[in-house]
Amino acid sequence: NPETFWVTTGMFPQELIVALPTRVKLSKVTVQCCLVRTLRIERSVSKEPVGFEHCIEKDLQYTEGELQTEEFPLPDFQATYLRFIIKSAFDHFVSVHRVMAEGT
């Protein structure tokens, strides 16, 4: 729903876990957020959200008054759960507006 978003509580790191419907092969994840400085993505292939492993970490560019849209290429990448860790931010509170995963 484009009218909703997730907001941090003001301390870092913060994390958000997305459950996929089944184990899938992803090629790319795109995140739309606001005021995120450093974002890390981890994955789990377990049936429960445990055993996460580091996939990619990126410093995002500051965008004044606009959403940050960041693509993370993940070739030959399988996951059942994705964990997004906001390690640092440009302000006390940040928001995640959309997470889009592409693959099969």
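The trypsin sites (Lys or Arg not before Pro) of the range 1-53 meeting both criteria, a DSSP state outside H, G, I, E and B (loop) and at most 14 other C-beta atoms within 10 angstrom of the site's C-beta, are 47. Put simply, the convex hull of the Cα atoms in the range 24-104 casts, on average, a shadow of 5.3 nm².
Taking K and R as +1 and D and E as -1, what net charge do the other residues with C-beta under 15 Å from the C-beta of residue 32 add up to? For residues surrounding residue 32, the net value is -2. Each other residue within a Cβ distance under 11 Å of residue 87 adds +1 if Lys or Arg and -1 if Asp or Glu, for a net charge of 0.
Exposed loop sites here are GluC sites (Glu not before Pro) assigned a DSSP state other than H, G, I, E or B and surrounded by at most 14 other beta carbons within 10 Å; excluding them, the longest clear run of the chain is 4-63. All other residues whose Cβ lies under 9 angstrom from that of residue 53 are scored, Lys and Arg at +1 and Asp and Glu at -1, for a net of 0.
Remark: the range 6-103 carries a charge dipole of roughly 340 debye about the Cα centre, counting +1 on each Lys and Arg Cβ and -1 on each Asp and Glu Cβ.
Heavy atoms of the protein chains alone define the surface here; on that basis the chain has 61 Å² accessible area per residue at 1.4 Å probe size. The accessible surface of the chain, taken with every protein chain in place and a 1.4 Å probe, is 50 percent carbon and sulfur.
The values are calculated or read from the model by the stated rules, or taken from the named source; none is laboratory data. The model shown is predicted, which means the values in this text are computed figures rather than measured ones. With ideal geometry, Cβ positions are generated from the backbone for all residues, glycine too; neighbour counts draw on all protein chains shown. Accessible surface areas use protein heavy atoms only, side chains included; no ligands, DNA or RNA. Shrake-Rupley method; radii C 1.70, N 1.55, O 1.52, S 1.80 Å.
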